[in-house]
Protein chains: 2
Amino acid sequence: MSEHLDKGNGDRKLEIGMVIFPGFTLQDLAGPQTAFGLHANTHIIWKNMDAVPTDMGVTMNPTIAMRDVPENLDVLFIAGGGGTPEIMKDQEFLDFVAHAGKTATYITAVCTGSVLLAMAGLLDGYRAATYWPFYEPLIALGVEPSYERVCVDRNRITGGGVTAGIDFALQLIAEIKGKEAAEFTQLVLEYDPQPTLTSGHPRSARPEIVAQIQGLWGRTDEAVRVAKAHMATRVNSSRVTSV
Amino acid sequence: MSEHLDKGNGDRKLEIGMVIFPGFTLQDLAGPQTAFGLHANTHIIWKNMDAVPTDMGVTMNPTIAMRDVPENLDVLFIAGGGGTPEIMKDQEFLDFVAHAGKTATYITAVCTGSVLLAMAGLLDGYRAATYWPFYEPLIALGVEPSYERVCVDRNRITGGGVTAGIDFALQLIAEIKGKEAAEFTQLVLEYDPQPTLTSGHPRSARPEIVAQIQGLWGRTDEAVRVAKAHMATRVNSSRVTSV
């Protein structure tokens, strides 16, 4: 898919826009940002330059406000996080994502960020992966679910939850810069994972652990409600348009 | 080793101090912080409250200045990063780490943070892991190297480079809060790694990729130089003391 990338700019640095929001998950951003940072200018994007709180009590700083983000990003990326149901209702945020998506070469997300891409209309007709407890809102938005760790569907590349961002980033770097660049990145990150337990996915975790987290993510219900309301509005407005 | 932890506080939240510095690696911090955040108050520590730049062009904010860090932290943690050779020479930084280490229950680091623990005198007589290109300065500081992904030596727990922080954090949570808490954390983080390449460690990466990064980390030479100068000073001052 390198035709997406070769804009005749040779070895110029990639421009990667990474959108965050109050309640994003630090690890969702950090895996991709640390990996991309070796090859790209990474722009951390929020509405303004205020510090943005994660869902775990710390804050990061944007590097650029939405109004200043350049057109034609090589990669548009959205993190996920516990603040997803709230930001799904933020039209200014969704409008920015839709706008940036118009001219970005790759449109990407990890974790619940996929649901935000879908809310912005950028996954219509595409398959996508998301955070394991968040497939229901993704499906409610009409997106075909992919249960892969990383889903590549044309120029839409999406990852599963949180730490899937590392696998996602390495695969995107392989796609854009080639296999050797991905190998280089993997070794810089010493990505030689050695989990000692098998609780990383519902397919291998103990059912009582899965249930605990589904309880924690009652937030999924709120996301489904917002997704369904959004789809109802879209159907109504397309009816109005076609009259 | 749970005798280290049971201070008779029952299920109170853990207090975890996470030290950063200019040129830290975002992923070094983010894996552990996202994992610990489910179970602990995580304090992001720097000298003051100014934003701290990572080694990849973005900034995070401390939550507490060194002078305000409470005694008796459950866990003292230090991230690593490209700024390591410079911060190795910062006596104020090392004094803080040594001081906080006196009353912390667990003394921990990932990546080149282990070298900083060693500079602060907190790894004397202990084994430790570090970032793969950084064993030489660790050894120069008299620390017995461990080539494990996560090294547990009594209450010193250290991880390998960058993404090893995720394995490190899960193991520390298992140690402190038990296996079920670690399983819960692993599933929240969807830590089900699926690298598609085998370039995560020098033992499996192609030699030319290893060489590329050794070139990038000419910083190791500077760290070795600082470590040797530090040890020479220690030997001299112990001679003075014993006279």
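The values are calculated or read from the model by the stated rules, or taken from the named source; none is laboratory data. Just so you know, these numbers come straight off a predicted model, no measurement behind them. Cβ placement follows ideal geometry from the backbone for every residue including glycine, while neighbour counts extend to all protein chains displayed. These area figures cover heavy atoms from the full protein model, side chains too; ligands, DNA and RNA do not enter into them. Shrake-Rupley method; radii C 1.70, N 1.55, O 1.52, S 1.80 Å.
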(request) Show the residue pairs that are 6+ apart or on different chains and have beta-carbon atoms under 7 Å apart, the first residue being within segment B:179-207 and in contact (Cβ under 8 Å) with a residue 40 or more places away in the chain and closer than 21 Å to A:LEU26 by Cβ, the second being open to solvent by less than 80 Å² (accessible area, probe 1.4 Å) and part of a loop (DSSP other than H, G, I, E, B). (result) B:ALA181/B:HIS39; B:THR185/B:LEU38; B:VAL188/B:LEU38; B:LEU189/A:VAL162; B:LEU189/A:THR163
(request) Could you please find all residues in segment B:172-191 being open to solvent by less than 30 Å² (accessible area, probe 1.4 Å) and facing chain A (nearest Cβ under 7 Å)? (result) B:ALA182, B:GLU183, B:GLN186, B:LEU187, B:VAL188, B:LEU189, B:GLU190, B:TYR191
(message) Among the residues in segment B:146-167, are any touching a Pro at 6+ places or on another chain (Cβ under 6 Å) and aliphatic (A, V, I, L, M)?
(response) no
(request) Hey, could you check segment A:205-243 for residues that are part of a loop (DSSP other than H, G, I, E, B) and at pLDDT below 95 and say which is farthest from A:ASP90 (Cα to Cα)? (result) A:VAL243
(request) Specify the residue that is surrounded by the most Cβ atoms within 10 Å (Cβ to Cβ); the eligible residues are those in segment B:139-171 that are touching a strand residue (DSSP E or B) at 6+ places or on another chain (Cβ under 7 Å) and among the acidic types (Asp, Glu). (result) B:ASP167
(message) I'm trying to understand the selection: among the residues of segment A:22-44, which are more than 13 Å from the chain's Cα centre (by Cα) and touching a residue at least 40 places away in the same chain (Cβ under 8 Å)?
(response) A:PRO22, A:GLY23, A:THR34, A:ALA35, A:PHE36, A:LEU38, A:HIS39
(message) Going residue by residue through segment B:138-155, is there one that turns out to be among the charged types (D, E, K, R), within 14 Å of chain A (Cβ to nearest Cβ) and closer than 23 Å to B:LEU14 by Cβ?
(response) yes
(request) Can you tell me which residue among B:ASN72, B:ASN48 is at positive phi, more than 13 Å from chain A (Cβ to nearest Cβ) and more than 14 Å from the chain's Cα centre (by Cα)? (result) B:ASN72
(request) Test A:GLY200 against the criterion of being open to solvent by less than 10 Å² (accessible area, probe 1.4 Å) and either touching a Ser or Thr at 6+ places or on another chain (Cβ under 8 Å) or within 26 Å of A:GLY83 (Cα to Cα) (or both), and give yes or no. (result) yes
(request) Look at B:PHE168 and say whether it is within 14 Å of chain A (Cβ to nearest Cβ), over 30 Å from A:ILE209 (Cβ atoms) and in a helix (DSSP H, G or I). (result) no
(request) Give just the number: which of (1) modelled with pLDDT of 95 or more; (2) surrounded by fewer than 19 Cβ atoms within 10 Å (Cβ to Cβ); (3) out of contact with any helix residue (DSSP H, G or I) (no Cβ under 8 Å at 6 or more places or on another chain) does A:LYS47 not satisfy? (result) (3)
(message) Against the condition in contact (Cβ under 8 Å) with a residue 60 or more places away in the chain and of a type in the set (Asp, Glu), how does A:GLU175 come out, does it pass?
(response) yes
(message) Any residue at all in segment B:89-102 that's touching a Gly at 6+ places or on another chain (Cβ under 9 Å), crowded, with 16+ Cβ neighbours inside 10 Å and of a type in the set (Gly, Ala, Ser)?
(response) yes
(request) Say whether the condition of being in a loop (DSSP other than H, G, I, E, B), open to solvent by 10 Å² or more (accessible area, probe 1.4 Å), more than 21 Å from A:PHE36 (Cβ to Cβ) and of a type outside the set (D, E, K, R) is met by at least one residue in segment A:63-80. (result) no
(request) Find the residue count for segment B:123-138, including only residues that are farther than 20 Å from A:VAL188 by Cβ, of a type in the set (Gly, Ala, Ser) and buried (at least 19 other Cβ atoms within 10 Å of the Cβ). (result) 1
(request) Give the residue that is nearest to B:LEU170 (Cα to Cα), with candidates limited to residues of segment A:203-229 that are open to solvent by less than 40 Å² (accessible area, probe 1.4 Å) and not small (Gly, Ala, Ser). (result) A:ILE209
(request) Among residues belonging to segment A:136-161 that are part of a strand (DSSP E or B) and among the acidic types (Asp, Glu), point out the one that is farthest from A:GLY31 (Cα to Cα). (result) A:GLU144
(request) Could you figure out which of (1) more than 24 Å from A:TRP46 (Cα to Cα); (2) at pLDDT below 95 isn't true of B:GLY57? (result) (1)
(request) Please state which of the following conditions A:LEU117 fails to meet, knowing it meets all the rest: (1) in a helix (DSSP H, G or I); (2) closer than 26 Å to A:ALA205 by Cα. (result) (2)
(message) Here are the criteria: (1) modelled with pLDDT under 95; (2) part of a strand (DSSP E or B). Tell me which single one A:ARG12 does not satisfy.
(response) (2)
